[in-house]
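Coordinate-derived values only; no laboratory data. Since we're looking at a predicted model, the values are computed, not measured. Here the Cβ is made from the backbone with ideal geometry for all residues, glycine too, and neighbour counts use every protein chain on show.
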Amino acid sequence: MNQEKQIKEKSLPLAIGLNIVLPGLGYMYMGKWLIGIAGCLLIIGISWNAYISGGDVLTTWVVVNIIMGIDMLILSNKNKAKLIADEMKKCPACAELIKKEAVVCRFCNRELN
Ligand SMILES: [Zn+2]
């Protein structure tokens, strides 16, 4: 719970920015240390492979970073959705989403127990 709150407060553009500087750093920033380290090694491996085989290292680097950026975006949205699900419930009368702590529904004014 505490960790999820931290992820929510982190800035996604900064995470993606960090990841462009050093792949995997964005994940580490978001608290995903293992994925960050694994991702970093993977990208160094892929780029090194491209370099040895005479491929375009820069393109490989950018493409992998874009893929990681998209994944981070999905991760960030999942965390947000989970946070909302943790804090909200459905009103039994009008089915609108209201806070779990609510005593009265803010949509239909029904009292909740
Ligand atoms: Zn209601």
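Scanning region 9-53 for residues that are touching a Cys at 6+ places or on another chain (Cβ under 8 Å) and at negative phi yields L22, P23, L25. Restricting attention to region 96-112 and to residues that are surrounded by 10 or more Cβ atoms within 10 Å (Cβ to Cβ) and among the aliphatic types (A, V, I, L, M), the residue that is nearest to the ligand (Cβ to nearest atom) turns out to be I98.
In this structure, D71 does satisfy being acidic (D, E) and closer than 30 Å to I20 by Cβ.
Of everything in region 99-111 that is assigned to a strand (DSSP E or B) and without any contact (Cβ under 8 Å) to a residue 12 or more places away in the chain, the residue that is nearest to K32 (Cα to Cα) is V104. Residues that are among the basic types (K, R) and under 13 Å from the mean Cα position of the chain (by Cα) number at least 1 in none of the helices (runs of 4 or more DSSP H) confined to region 11-76.
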